[in-house]
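Below: one structure, written as structure tokens.
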Amino acid sequence: MATHKLFIAGSGGQGILLMGQILTYGAMHEDLEASFLPSYGPEMRGGTANCTVVVSDKPISCPLIYEADALVAMNLPSMLRFEPLLKRGGKLFLNTTLIEERPKRSDIEVIDVAANQIAMELGNAKAANIVMLGALIRETGVLQPKSIEYVLENKVFHGKKASLLPLNLQAFHAWQR
């Protein structure tokens, strides 16, 4: 395994930071090194939110990234602002339910995920982040799907939130290319 540098961006309330936390816990579950660096505006819900996640089999010296291997854009402002951060040949995951524009770059791979639409079809629009997480895991191979399932069951949707686990597991596996 190499080092994977991931950048996830959207607006507050879209579960951006939760996606980063799930990835970080998943890496720890696989005994990998991981760093998680959240950033969000003072508005919280509706404001900007993003995070970097670095996953590696070697110690991580710095959680900051200057080039991302994969970028998740959950809304248009995030795509416009962070597209330049993606390295040449990197993967851009677009939430096409909310982003109708196409990226300007032609040296990247664009992966269309109608995350909000898929989540609504499953019965809960709030699961859009988990739909996108499933696409990210399948297309990058950064972690094993079973590690994310473990985190969903044991760290996120347990206790009072256990009733949300079946929907979110379904959302995690819903996207197909």
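We did not get these values from a lab; they are worked out from the coordinates using the rules stated. Just so it is clear, the structure is predicted and the values come from calculations on it, not from any experiment. Note: ideal-geometry Cβ built from the backbone for every residue, glycine included; neighbour counts use all protein chains shown.
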If every Lys and Arg gets +1 and every Asp and Glu gets -1 at its Cβ, then about the Cα centre segment 90-177 yields a dipole, in debye to the nearest 20, of 260
Near the amide H of VAL72, under 5 Å away, which other amide H atoms are found, from residues 5 or more places off or on another chain, if H is placed in the peptide plane?
PHE7, ILE8, ALA9, PHE93
With an 8 Å cut-off on Cα pairs and a minimum separation of 6 or more residues, tell me the relative contact order of segment 1-74 in percent.
46
For a quick check: with amide H placed at 1.01 Å from N, whose amide H comes under 5 Å from THR97's, ignoring anything fewer than 5 positions away on the same chain?
ALA115, ASN116, GLN117
Length-normalised contact order of segment 48-105 in % [C-alpha pairs under 8 Å, at least 6 apart]:
32
Could you size up the charge dipole of segment 60-120 around its Cα centre, putting +1 on the beta carbon of Lys and Arg and -1 on that of Asp and Glu, and report it in debye to the nearest 20?
120
Below 10 angstrom from the Cβ of PHE93, what's the summed charge of the other residues (Lys, Arg +1; Asp, Glu -1)?
-2
Could you grab the relative contact order for segment 35-177? Cα pairs under 8 Å, six or more apart, rounded to a whole percent.
16
For LYS146, counting only lysines whose alpha-carbon sits under 24 Å away and dropping same-chain residues fewer than eight positions off, the answer is LYS5, LYS58, LYS91, LYS126, LYS155, LYS160, LYS161
In whole Hz, the Karplus estimates of ³J(HN,Hα) for segment 73-81 (6.51, -1.76, 1.60; θ = phi - 60°; x where Gly or Pro) are 10, 8, 8, 4, x, 5, 4, 4, 6
Residues of type aspartates and glutamates that LYS104 reaches as a straight line, Cα spacing below 16 Å, ignoring anything fewer than 8 places off in the same chain
GLU83, ASP112
When the dipole is taken about the Cα centre of the chain, and only Lys, Arg (+1) and Asp, Glu (-1) are charged at their Cβ, what size is it in debye, to the nearest 20?
200
Using the per-residue mean of other Cβ atoms lying within 10 Å as a proxy for protection, in what order, highest first, do the peptides 147-155, 19-27 fall?
19-27, 147-155
DSSP bridge orientation in the chain - percent antiparallel, rounded to nearest 5
50
Sorted by chain and then number, the residues having a modelled amide H within less than 5 Å of the amide H of GLY12, at least 5 places away or on another chain, are GLY46, GLY47, THR48, ALA49
For the chain, with a Gaussian network of springs between Cα atoms less than 10 Å apart, report the residue from GLY13, GLY159, GLY47 with the top mean-square fluctuation.
GLY159
